[in-house]
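Enquirer: Take a look at this one; I'll ask things after.
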Amino acid sequence: MGWVLIRPVTAYNLTVEMNAIRSLISYFPYITIRAEYVDVVSALGRRKNLPPPANRYKLAKAMVDGLDVFQLGITLCDHNGRLPVTVAPDGSDAESAWQVAFSDFDPGGHMESPAGVPAAAFARALLEHGIVSAENRGRLTWVAFGGLYDFGFLLKLLSSGAPLPETGEGFARMLRRYLGNVYDAKYVASRLPVAVGVDLSGGLVSVARLLGAPAVAVEEPRQAGEKSLVACEVFMRMTGLFFAYHDVAVHLGMIDGVH
């Protein structure tokens, strides 16, 4: 994998880019997402030393219910980890991922993005384009790394801003109802030491580097689009390296911080 184009999704091109994603998901049925919140979530929600799952879920619920995201990264790939190719601004072909800029920010003084997509408009687009639909629930596989916050935001968005369920069990049921097949690459990585004798219990970048993911070979990813690409590479490399002789589906629906 060489250079990857991160395609910006704004209020001006939302329909065009969602049409592109819809046309590609039949061939690239793995969708990896990464939500970027304000700094407080990075400081509290994704830290290494965390309380037990029940308390972690309560913390995540409070954060997701009370805050908005400013970016969502989306990376599509096929069963072999190949990315879709789109036309770059210079007319060349480029492997591609997407980054949605949102106009909704928390009321704590953050500036709105003038070209950002309202969260409600993005939710409508996901549903109207059939990306989230009963038809695709069993066909697509959704992936995140440390996905409690990423999937939590997506559920909040799809449920018109409703609070997340009160319990982790309710959250898992809601995920199945909306998305169907879901994997948390961080949960999968944390279970590998027992199975294969490697320690992949760190954060996204450290795990990616241990696995030799090319997206972090040059520099650390900084934005949601780049991070979704790295999370995609981590998941596909783990499944290719460590699940050649047994099925990763044993971890289907298991979310770090819930299970």
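The values are calculated or read from the model by the stated rules, or taken from the named source; none is laboratory data. Only a predicted model underlies this, so the values are computations on that prediction, with no experimental measurement involved. Don't worry about glycine lacking a Cβ; one is built from the backbone with ideal geometry, like all the others, and counts go over all protein chains shown.
Enquirer: Considering (1) in contact with a helix residue (DSSP H, G or I) (Cβ under 7 Å, 6 or more places away or on another chain); (2) at pLDDT 95 or above; (3) surrounded by fewer than 17 Cβ atoms within 10 Å (Cβ to Cβ), say which one Ile74 fails and leave the rest.
Expert: In the conditions (1) in contact with a helix residue (DSSP H, G or I) (Cβ under 7 Å, 6 or more places away or on another chain); (2) at pLDDT 95 or above; (3) surrounded by fewer than 17 Cβ atoms within 10 Å (Cβ to Cβ), Ile74 misses (3) alone.
Enquirer: Every residue in segment 249-259 that is modelled with pLDDT of 90 or more and touching a helix residue (DSSP H, G or I) at 6+ places or on another chain (Cβ under 8 Å), please. Outline the logic, then answer.
Expert: Start the filter on segment 249-259 by keeping residues that are modelled with pLDDT of 90 or more, which leaves 249-256, 258.
If the condition is that a residue be modelled with pLDDT of 90 or more and touching a helix residue (DSSP H, G or I) at 6+ places or on another chain (Cβ under 8 Å), then His251, Gly253, Met254, Ile255, Asp256, Val258 are the ones that fit.
Enquirer: Please go through segment 52-72 and pick out each residue that is touching a residue at least 24 places away in the same chain (Cβ under 8 Å) and not charged (D, E, K, R).
Expert: Within segment 52-72, Pro53, Ala54, Tyr57, Ala60, Met63, Val64, Gly66, Leu67, Val69, Phe70, Gln71, Leu72 meet the criteria.
Enquirer: Does Ala185 satisfy the criteria of being in contact with a strand residue (DSSP E or B) (Cβ under 7 Å, 6 or more places away or on another chain) and of a type in the set (A, V, I, L, M, F, W, C)?
Expert: Yes: the conditions hold for Ala185.
Enquirer: Would you call Arg56 surrounded by 12 or more Cβ atoms within 10 Å (Cβ to Cβ), within 30 Å of Glu166 (Cβ to Cβ) and at pLDDT below 95? Steps first, answer last, please.
Expert: Details: surrounded by 12 or more Cβ atoms within 10 Å (Cβ to Cβ): yes; within 30 Å of Glu166 (Cβ to Cβ): yes; at pLDDT below 95: yes.
Against the criterion (surrounded by 12 or more Cβ atoms within 10 Å (Cβ to Cβ), within 30 Å of Glu166 (Cβ to Cβ) and at pLDDT below 95), Arg56 qualifies.
Enquirer: Name the strands (runs of 3 or more DSSP E) wholly inside segment 82-189 in which the number of residues that are under 16 Å from Ile33 (Cβ atoms) and at pLDDT 95 or above is 3 or more. Steps first, answer last, please.
Expert: Numbers: elements: 85-87, 93-101, 141-144, 182-184.
The strands (runs of 3 or more DSSP E) meeting that bar are 93-101, 141-144, 182-184.
Enquirer: List pairs: first in segment 123-150 and on the phi > 0 side of the Ramachandran plot and touching a residue at least 60 places away in the same chain (Cβ under 8 Å), second part of a strand (DSSP E or B) and not hydroxyl-bearing (Ser, Thr, Tyr), Cβ under 9 Å, 6+ apart or cross-chain?
Expert: Correct list of pairs: Gly146/Asp184.
Enquirer: Also: Scan segment 209-247 residue by residue and report those that are at pLDDT below 90, aliphatic (A, V, I, L, M) and assigned to a helix (DSSP H, G or I).
Expert: Within segment 209-247, Leu210, Leu211, Ala215, Val216, Leu241 meet the criteria.
Enquirer: Can I ask one more? From the list Asp39, Asp65, which one is surrounded by fewer than 20 Cβ atoms within 10 Å (Cβ to Cβ) and at pLDDT 80 or above?
Expert: None of the other options fit; the residue is Asp65.
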